[in-house]
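The values are calculated or read from the model by the stated rules, or taken from the named source; none is laboratory data. Keep in mind the model is a prediction, meaning the values are calculated, not measured. Cβ placement follows ideal geometry from the backbone for every residue including glycine, while neighbour counts extend to all protein chains displayed.
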Amino acid sequence: MPTFQFEAMDATGAEIKDVIEAPTEEEAQATIRQMGYFVTKITAKKARKKAAATGAKKKRGFVFGGVRSRDLTSFTRQLSILQDAGLPILRSLRILANQAKPGRLKYSLEDTCEEIEAGSTLSEGMAKSPKCFNRLYVNMIKAGEAGGALELILQRLADFQERAESLKRKVKGAMIYPIVVVTVAVCILTFIMIKIVPEFRKIFVEFGLKLPWMTELLVSISDWCVTYWYLIPGIPVSIWLTIKLIRKFRHGRIGWDQFIIKVPIFGQLVEKNILARTTRTLGTLVASGVPILEALNITRDTSGNATFERMYTKVSEAIREGEAIAKPMKENSVPGFHPVSAFFWFCFIGGPIGLLIYLLKYKQRIVDDIVINMVDVGEETGELDTMLYKVADTYDEEVAVLTDGLTKLMEPLLIIFLGGAVGFIVISLFVPLVALIDGLSK
């Protein structure tokens, strides 16, 4: 006999949640009314184990990792359109699951459909697939269900994800060009050093030429490249692995994250990017009706930087003690001195000079006065979400301007670097060649 999960109220107005067996939904409702309850919600509860036993569940392939943000953004937008059209949530999920390609998203949607059929809410079903739907996503859906505005929340969530994805593409696009150019240049120069320069060296040795200092330096570099060629890819890989290992520890992660947001040129871009993302996240959560403490915790966990995580943790603790957001945000936005961060400055930014620069920078706040003032005004007027959106829009524009500026700055720098390297090689090889040709002609 089918089982129905229901929510009802008794004569005193108390909420009742229970299950009942009945041949049909109408008979189940009649039985519940005979018990003296007023039905507010009733859903058919299906046994997942039984469905699995009968082979209803399809075989799945093994998948790695989570869901691409682009795919999740597209799914959210499509789900918001279907909900706005008035389709039931289960039917909407089935449609999107059927059209999705085999992978984490498709399997998570199928699991969510099964959870809903078993009597769970949409947020509860999505919470069972954390590799697909994170805390931010689940809590916004939960707030939409509680407020009866799921369509609006889905639209807001889709807008948030699209803005975040657009910003991410801009930053990645700005980084791809210099990385590709430098990588190709290093490969070409390494080939010249290992294959071309030694051949010229044999010619110079056979004729007994006295080499100028530039040629001797080039030959020495070539000898080093031939002998220790494995260090050319090995050094950057070793540095990357070392940083990854250091970041496994709490203080190592804090030190690296403080270093990366204050490093010259790129630090400002990283800092503004994080600030834009976190303020938009917090604003979206507040606008969706998520409690402020939960919203701050979600924003902290999605910030991706230990310095910002520490700040949002302190703000959350201050709110628990009865304070507002603006004051503790200002007080805890100073990173402070950290020995691991000082170590990175010493190693990567010119030794003692880098350490001196760090001593001048570590007291600089990561949140500007404009953010503090707008948050303060938002709290006073009850428009905190609107003010946070304005802050996020402002920093999105600044990140776009910085990205364009860095891209334009990198182009002449790369041209100068490549021109200087090629010019040095050409001059170093052709000066003794000219001398050799001149000697042979005489």
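Go through segment 337-386 and report how many residues are among the hydrophobic types (A, V, I, L, M, F, W, C), closer than 25 Å to L293 by Cα and in a helix (DSSP H, G or I).
Here is the first cut: in segment 337-386, the residues among the hydrophobic types (A, V, I, L, M, F, W, C) are 337, 340, 342-349, 353, 355-357, 359-360, 366-367, 370-372, 374-375, 377, 384.
Keeping just the survivors that are closer than 25 Å to L293 by Cα gives 366-367, 370-372, 374-375, 377, 384.
Filter once more, keeping what is in a helix (DSSP H, G or I): 370-372, 374-375, 377, 384.
Final tally of qualifying residues: 7.
Scanning segment 262-304 for residues that are over 13 Å from the mean Cα position of the chain (by Cα) and at positive phi, we see that the one that is surrounded by the fewest Cβ atoms within 10 Å (Cβ to Cβ) is I265. Checking the stated criteria, L436 turns out not to satisfy the condition of being assigned to a helix (DSSP H, G or I), under 30 Å from V315 (Cα atoms) and touching a residue at least 24 places away in the same chain (Cβ under 8 Å).
Let's see how each residue does on (1) modelled with pLDDT under 90; (2) more than 24 Å from E397 (Cβ to Cβ); (3) in a helix (DSSP H, G or I):
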| site | (1), (2), (3) |
| --- | --- |
| V270 | yes, no, yes |
| V290 | yes, yes, no |
| L293 | yes, yes, yes |
| S303 | yes, no, no |
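Against the condition hydroxyl-bearing (S, T, Y), buried (at least 17 other Cβ atoms within 10 Å of the Cβ), in contact (Cβ under 8 Å) with a residue 60 or more places away in the chain and under 18 Å from K142 (Cβ atoms), how does S129 come out, does it pass? Spelling it out, it is not the case that S129 is hydroxyl-bearing (S, T, Y), buried (at least 17 other Cβ atoms within 10 Å of the Cβ), in contact (Cβ under 8 Å) with a residue 60 or more places away in the chain and under 18 Å from K142 (Cβ atoms). In segment 314-336, is there at least one residue being more than 19 Å from G283 (Cα to Cα), assigned by TED's automatic domain parsing to the domain that holds G378, under 23 Å from the mean Cα position of the chain (by Cα) and in a helix (DSSP H, G or I)? Within segment 314-336, not a single residue is more than 19 Å from G283 (Cα to Cα), assigned by TED's automatic domain parsing to the domain that holds G378, under 23 Å from the mean Cα position of the chain (by Cα) and in a helix (DSSP H, G or I).
For segment 208-225, the condition of being part of a helix (DSSP H, G or I), in the same structural domain as N273 (by TED's automatic domain parsing) and among the basic types (K, R) holds for none of the residues. Inspection of segment 168-183 finds no residue satisfying the criterion of being part of a helix (DSSP H, G or I), farther than 30 Å from R277 by Cβ and either touching a Leu at 6+ places or on another chain (Cβ under 8 Å) or not β-branched (V, I, T) (or both). Scanning segment 154-182 for residues that are without any contact (Cβ under 8 Å) to a residue 24 or more places away in the chain and hydrophobic (A, V, I, L, M, F, W, C) returns M175, I176, I179, V180.
All of K170, K142 fail the test of being in contact with a helix residue (DSSP H, G or I) (Cβ under 9 Å, 6 or more places away or on another chain) and crowded, with 20+ Cβ neighbours inside 10 Å, apart from K142. Would it be correct to say that I196 is more than 25 Å from the chain's Cα centre (by Cα), over 30 Å from L275 (Cα atoms) and free of Cβ contacts under 8 Å to residues at least 40 places away in the same chain? Judged against the criteria, I196 is a match.
Per-residue answers, yes or no, for (1) at pLDDT below 70; (2) under 41 Å from the mean Cα position of the chain (by Cα):
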residue	(1), (2)
A11	yes, no
G36	no, no
K41	no, yes
K50	yes, yes
G65	yes, yes
R104	no, yes
